[in-house]
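A.B. asks: Before I ask anything, here is the structure I am working with.
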Amino acid sequence: MIRNILIGLAVAAVVGTGVWGYQQKSEGDQLRIQAENNYQRAFHDLTFNLDQIEDELGKTLAMNTRRQLTPSLAEVWRVTSLAQKNLAQLPIQNVKTSDTEEFLYKIGDFSYRTSVRDLDKEPLTEKEYQTLTDLHKHAGEIRQSMRSLQAQAMNNKHRWVDESANDNAPQGEESVPGQFELMNKSVEGFTEVDWGASKDSIRNINGELKKALTGKEVSEKEAQDIGRSYAGVGKESKVDITETGKGLEYPAYTLVIDDPDHKANYYMDISINGGEPIWFMQEREMGEQTIGLNEATEKASNFLEQHGKEDMELIDSTQYDTVGVFEYVYKQDDVRIYPDSILIGVALDNGDVVSYESKGYIINHKENRDIAQPKLSREEAQTKVNPKVKIMEEHIGVIKNNIDEEVLCYEFLGVLDDDTYRIFINAEDGQEEKVERLIQSEPVFQ
């Protein structure tokens with residue numbers, strides 16, 4: 001008992017620093033555990049996705065009817081999308097994975113284009129069958145590489161958080177990042193695959209950014225000033241800056257900006273050509289909500305204006321716990337240009353902009369687009385919408401369709417049951433180009 005009392009007195013004597021330190025460590029430990037769990041989930045899901053891709057491609061080689069082939073190819077497209085998402089979530093920014101990313105995209109793109117075609121009227125050609133055969137072979141090789149990588153990571157009890165926090169971590173072939181490098185290098189040999197007539201329109205986001213970023217080069221000092229301006233911190237804030245690793249095709253600076261007010265950091269990529277912030281994020285614990293989405297929207301809109309992004313219109317706002325996420329698109333002559341998009345996150349505890357992503361805007365934006373006149377009236381287009389949907393709003397906009405072409409559409413915002421949908425009807429031929437279900441704000445859990 002006496003021993004316990006003495007311990008209690010000792011703790012009380014240092015409560016001013018000890019409790020604070022413990023809380024900080026405890027919170028930090030919880031964040032690290034959560035981050036590690038997310039990384040582990042993404043890694044093992046990616047391995048499972050690659051298994052599925054190889055299996056589904058193998059099935060298509062044995063099929064001969066549209067009834068089975070179409071859904072199987074659609075499944076390949078769906079799973080490759082999941083694989084891309086999981087790969088993007090891993091903390092391997094300094095590892096070159098662009099060839100793997102492009103290969104996954106091309107598999108998905110080829111599968112989608114083939115699955116939506118009327119295969120009764122246009123069956124697979126011999127060249128397309130050979131493409132599927134090649135894809136199955138290459139997917140099998142990637143699957144084996146990933147299985148080997150997974151076994152190594154599990155045997156060595158690999159921790160992704162340690163890897164991401166240590167810039168000096170081993171990068172040799174025996175390391176997990178080294179194995180990703182080897183897998184990516186093996187993908188480089190898959191460029192001989194004949195992707196068919198659609199190959200010219202297959203997207204490479206990093207490559208498109210490289211072409212779009214053509215402004216004059218900015219120095220490290222200029223990039224630091226731009227970073228501080230976007231982060232909203234003073235000139236005295238410390239900035240660590242390096243050039244991005246070889247995993248990116250476009251030249252950029254990676255910045256870590258100290259935010260002394262919140263004892264946190266901003267992480268940011270700024271292009272060397274043009275000094276354009278591509279994305280940034282503030283990583284900190286959010287406090288209790290003090291402002292609503294309307295006030296946060298004003299702060300996001302003001303932020304865009306302050307940084308030269310004019311004629312932007314809010315098209316969507318969602319609340320995730322205590323962060324408001326807002327999507328803006330460029331507007332020309334009352335026409336929404338959906339490819340020119342920017343995402344902004346605003347903290348609802350103090351109104352700070354805590355995230356920003358502008359790849360769509362950088363790649364697609366141009367002044368004075370040549371926009372065709374619609375051939376259908378708004379009333380004619382509305383007859384193409386499911387009559388069960390109650391139309392609440394109407395707009396007109398340019399979107400990219402499923403083969404990455406810009407098309408002018410009537411946009412109808414409507415409600416069906418408890419869900420809200422954005423429906424795009426081609427303004428030239430009345431085809432239903434795209435249907436999106438809008439995400440509802442998530443509840444705040446205490």
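A.B. asks: For labels at D333 and D120 in the simple 7 Å Cα→Cβ model, what's the distance in nm?
C.D. replies: The modelled label-to-label distance comes out at 4.2 nm.
A.B. asks: State the answer as a single residue: which of S355, M281, Y330 lies farthest towards the positive end of the charge dipole of segment 240-373, with beta carbon charges of +1 for Lys and Arg and -1 for Asp and Glu, about the Cα centre.
C.D. replies: Value computed over the given set: Y330.
A.B. asks: Something else about it: Got the relative contact order for segment 285-388 handy, in percent, Cα pairs under 8 Å and 6 or more residues apart?
C.D. replies: Numbers: 154 pairs, mean separation 24.2, N = 104.
The normalised contact order for segment 285-388 reaches 23 percent.
A.B. asks: Suppose R0 equals 45 Å; then what is the FRET efficiency for A74 and R159 from their Cβ-Cβ distance, rounded to the nearest 0.05?
C.D. replies: 0.75
A.B. asks: List the residues whose amide H sits under 5 Å from the amide H of V354, counting only those 5 or more places along or on another chain, with H placed 1.01 Å from N in the peptide plane.
C.D. replies: Residues meeting the amide H criterion: G345, V346, A347.
A.B. asks: Oh, and also: Which ³J(HN,Hα) values, rounded to whole Hz and listed in residue order, are derived for segment 341-347 from phi using the Karplus coefficients 6.51, -1.76 and 1.60 in 6.51 cos²θ - 1.76 cosθ + 1.60 with θ = phi - 60°, glycine and proline given as x?
C.D. replies: For segment 341-347, the Karplus-derived couplings read 10, 9, 9, 10, x, 10, 5 Hz, x marking Gly and Pro.
A.B. asks: Now, a different point. I'd like to compare 355-363, 215-223, 101-109, 129-137: which one has the highest average count of other Cβ atoms within 10 Å, and what's the full order after that? Kindly include the intermediate steps, with their values, before the conclusion.
C.D. replies: Numbers: 355-363: 19.8, 215-223: 14.2, 101-109: 21.9, 129-137: 17.2.
Ranked from most to least packed, the peptides come out as 101-109, 355-363, 129-137, 215-223.
A.B. asks: When 1/r is averaged over all different Cα pairs and the result inverted, which Kirkwood radius in Å belongs to segment 254-327?
C.D. replies: Computed over Cα pairs of segment 254-327, the Kirkwood hydrodynamic radius comes out at 14.2 Å.
A.B. asks: Taking 37 °C and 0.692 mPa s as the conditions, I'd like the Stokes-Einstein D for segment 323-446 in µm²/s, using the Kirkwood hydrodynamic radius from alpha carbon pairs.
C.D. replies: Values: Rh = 16.0 Å.
Stokes-Einstein gives a translational diffusion coefficient of 205 µm²/s.
A.B. asks: Can you spot the aspartates and glutamates whose alpha carbon is less than 20 Å from K157's alpha carbon? Ignore those fewer than 8 places along the same chain.
C.D. replies: Within the straight-line limit of under 20 Å, K157 reaches these aspartates and glutamates: D29, E36, D45, D167, E173, E174, E181.
A.B. asks: Counting Lys +1, Arg +1, Asp -1, Glu -1, what net charge surrounds Y421 among other residues with beta carbon under 15 Å of its beta carbon? Write out the running numbers ahead of the final one.
C.D. replies: Values: positive: K384, K388, K390, R422, K434, R437; negative: D316, E393, E394, E411, D417, D418, D419, E432, E433, E436.
After counting each charged neighbour, the total is -4.
A.B. asks: Collect residues whose amide H, placed 1.01 Å from N in the peptide plane, falls under 5 Å from the amide H of E243; neighbours closer than 5 in sequence don't count.
C.D. replies: Hits under the 5 Å cutoff: T254.
A.B. asks: Take the alpha-carbon centre of segment 308-328, take the same for segment 39-61, and report the distance between them in whole Å.
C.D. replies: If you average the Cα positions of each part, the centres end up 34 Å apart.
A.B. asks: A further question on this structure: So, R0 is 35 Å and r is the distance between the beta-carbons of Q152 and Y129; what FRET efficiency does that work out to, to 0.05?
C.D. replies: On the way: r = 35 Å, r/R0 = 1.01.
The computed FRET efficiency comes out at 0.50.
A.B. asks: Taking the Cβ of R147 as the center, what net charge do the other residues with Cβ under 12 Å away carry, scoring Lys and Arg +1 and Asp and Glu -1? Provide the component values of the computation, followed by the final result.
C.D. replies: Values: positive: R143; negative: D51, E54, E141.
Summing Lys/Arg as +1 and Asp/Glu as -1 gives -2.
A.B. asks: Of the lysine pairs in segment 328-396, how many meet both conditions: Cα atoms under 23 Å apart, and a spacing of 8 or more in sequence or different chains? Walk me through the numbers on the way to the answer.
C.D. replies: Numbers: K331/K359; K331/K366; K331/K375; K375/K384.
For segment 328-396, qualifying lysine pairs total 4.
A.B. asks: Modelling each spin label as a point 7 Å along the Cα-to-Cβ direction, I'd like the M392/H307 distance in nm, to one decimal.
C.D. replies: So the label points at M392 and H307 sit 2.9 nm apart.
A.B. asks: While we're looking at this one, here's another question. Within the accessible area of segment 280-411, what % is carbon and sulfur when the probe is 1.4 Å and the other protein chains stay in place? Don't jump to the answer; show the numbers that get you there.
C.D. replies: Numbers: 2810 of 6700 Å².
Its accessible area is 42 percent carbon and sulfur atoms.
A.B. asks: Also, I was wondering about something else. Compute the distance in nm between two label points, each set 7 Å from the Cα along the Cα-to-Cβ direction, one at Q144 and one at V435.
C.D. replies: 4.3
The values are calculated or read from the model by the stated rules, or taken from the named source; none is laboratory data. The structure displayed is predicted, hence computed values, not measured ones. Ideal geometry is used to build each Cβ from the backbone, glycine not excepted, and the neighbour counts take in all protein chains shown. With ligands, DNA and RNA removed, areas are computed over all heavy atoms of the protein, side chains included. Shrake-Rupley method; radii C 1.70, N 1.55, O 1.52, S 1.80 Å.
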